[in-house]
Amino acid sequence: MNTIPRANENSWWRRQRLWLLGALLLGAWALLMPYREAWQGYARTHPMQAIDVAAGKSVAYEHAQWRLLNVTERDVPGQREDAMVLVARFELVMDADAEATRLDRCRGRISDASGRVWSNDSFGLLAVKHTLPASCGSGLGADFKTIQAQPGKPWLFEQVYQVPRGIDPKTLRPEIFLAWPEYEPVGRYLRFSQPE
Amino acid sequence: MRWPGWRSLLWVTAGLILIVALRKGELDYAGKLAPLATPGELKQRIVARNFALTVDGFRLAHAYRIAGADAQAAPRVLSTPGVWVSVVLKLEALREPGLLNARIRTRDGSIYQANGDARPRARGVNLSGVEVAPGLPATGAFFFEMPPAELPGAHLQVYWGGLTPTDMDSLIDVDLGTGARSSDALAAQTVAEIDLRP
């Protein structure tokens, strides 16, 4: 029995459909892979995705448990009049496989609800007298000897921020991140809500 | 061998035209790395992606008088083979803390980078190396040394970061308003000395 072929059955598009599909997939891959690589490269030094930590709760991050204890305002002489100094205190408990020197690479900042951020005074420019170590993994103890966080034992440290006056300190959220090439997961950082 | 039909040739030709057009429209290396520029004028608050500034004006001087190295040391006079240009402005960070740098771009495209914080050493005035944070603006001046003949048509350019490929961001370009003025008129405006001591 003779059948009448449909007009488009032998069209060029139909005959080349596998090649076309392959070219489409290859094109998409060629666009997506460099984008993904660039995004990951950027995320290694720029925290992009927050891990929100509820007030008073601790969270696992970078082989340790992290918890925000409190944020207090500190009176520091010689500060500019339109600014206030806040000190955030954290507790960290290292896992058995963590390294204190690695945690020393942590960086901190504090953010408001609109996304504005202020950095931790890691260079001590604000001349705040610390009552706790300023680093996540080590600090100076008695006799100026270096002390380090130990696995399983709570390690308390504090970070200092200069923010504008007029902001309710309670609404600000301290943040911690490790922006180094080998940190995982790439681009994630901790954002703590403050205890009441 | 079967020759390709006219339709195939048409597709190939269209493809080639597209490739050539895209290649020609592609930015060159410098263009790809160029910061996002926002133009503006004196006395106007100019907002870029992550910072804003207001340029109050500029002053020209042959020398600065600055404090000595310590409280007991006599004041020093800092002169230049060209002319000192101090651009007075207010800097605001909008999203995150950071360093802003400045340069002057002349009519012929020459670039004069702002001096560092050691020339002149004027704490609280020289904005070079001063970090700005959201809600905590910085006021002061950027200082430049340049030939007076280059001043007509000069633009101030303030940018976030270091203009390197890894930290390229936004740039604000401010016309200093010297385009219509002659070198002689600007020379007449140049004072012998400005005292930068606190």
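Picking from residues in region A:115-144 that are within 14 Å of chain B (Cβ to nearest Cβ), within 17 Å of the chain's Cα centre (by Cα) and part of a loop (DSSP other than H, G, I, E, B), the one that is modelled with the lowest pLDDT is A:122.
Only one entry in A:24, A:32 is over 30 Å from residue B:136 (Cα atoms) and under 30 Å from the mean Cα position of the chain (by Cα), namely A:32.
Picking from residues in region A:81-114 that are within 14 Å of another protein chain (Cβ to nearest Cβ), under 15 Å from residue A:178 (Cα atoms) and charged (D, E, K, R), the one that is surrounded by the fewest Cβ atoms within 10 Å (Cβ to Cβ) is A:107. When region A:26-79 is filtered for residues that are in contact (Cβ under 8 Å) with a residue 60 or more places away in the chain and acidic (Asp, Glu), the ones remaining, listed by number, are A:52, A:62, A:73. Looking at region B:1-24, which of the residues that are of a type in the set (Phe, Trp, Tyr) and either within 13 Å of chain A (Cβ to nearest Cβ) or surrounded by 10 or more Cβ atoms within 10 Å (Cβ to Cβ) (or both) is farthest from the chain's Cα centre (by Cα)? Step by step, filter region B:1-24, then rank; the result is B:6.
Filtering B:180, B:187 for residues that are more than 17 Å from residue B:142 (Cα to Cα), part of a loop (DSSP other than H, G, I, E, B) and either touching a strand residue (DSSP E or B) at 6+ places or on another chain (Cβ under 8 Å) or among the aliphatic types (A, V, I, L, M) (or both) leaves a single hit, B:180. Exactly one residue among B:145, B:193 is surrounded by 17 or more Cβ atoms within 10 Å (Cβ to Cβ), among the charged types (D, E, K, R) and touching a Lys or Arg at 6+ places or on another chain (Cβ under 9 Å), and that residue is B:145. Residue check: is residue A:177 surrounded by 14 or more Cβ atoms within 10 Å (Cβ to Cβ), touching a residue at least 40 places away in the same chain (Cβ under 8 Å), in contact with an Asp or Glu (Cβ under 8 Å, 6 or more places away or on another chain) and over 22 Å from residue A:76 (Cα atoms)? No, not satisfied.
In region A:160-188, the qualifying residues are those that are within 19 Å of residue A:59 (Cβ to Cβ) and within 14 Å of another protein chain (Cβ to nearest Cβ), and the one that is modelled with the lowest pLDDT is A:179. Before we move on, is residue B:193 in contact with a His (Cβ under 8 Å, 6 or more places away or on another chain), within 15 Å of residue B:59 (Cα to Cα) and assigned to a strand (DSSP E or B)? Criteria met by residue B:193. Taken as a whole, region A:145-154 holds no residue that is of a type in the set (Gly, Ala, Ser), closer than 27 Å to residue A:42 by Cα and either touching a residue at least 12 places away in the same chain (Cβ under 8 Å) or in a loop (DSSP other than H, G, I, E, B) (or both). Among residues belonging to region A:43-73 that are in contact with a Leu (Cβ under 7 Å, 6 or more places away or on another chain) and charged (D, E, K, R), point out the one that is nearest to residue B:98 (Cα to Cα). Looking at the filtered set, the residue picked out is A:73. Taking each residue of region A:118-137 that is closer than 23 Å to residue A:167 by Cβ and looking for partners that are in a loop (DSSP other than H, G, I, E, B) and among the polar types (S, T, N, Q) with beta-carbon atoms closer than 9 Å, six or more apart or interchain, yields A:122/A:135; A:126/A:79; A:134/A:122.
The values are calculated or read from the model by the stated rules, or taken from the named source; none is laboratory data. Predicted model, so just to flag it, every value in this text is computed and none were measured. Glycine gets a Cβ as well: all are built from the backbone with ideal geometry, and neighbour counts include every protein chain shown.
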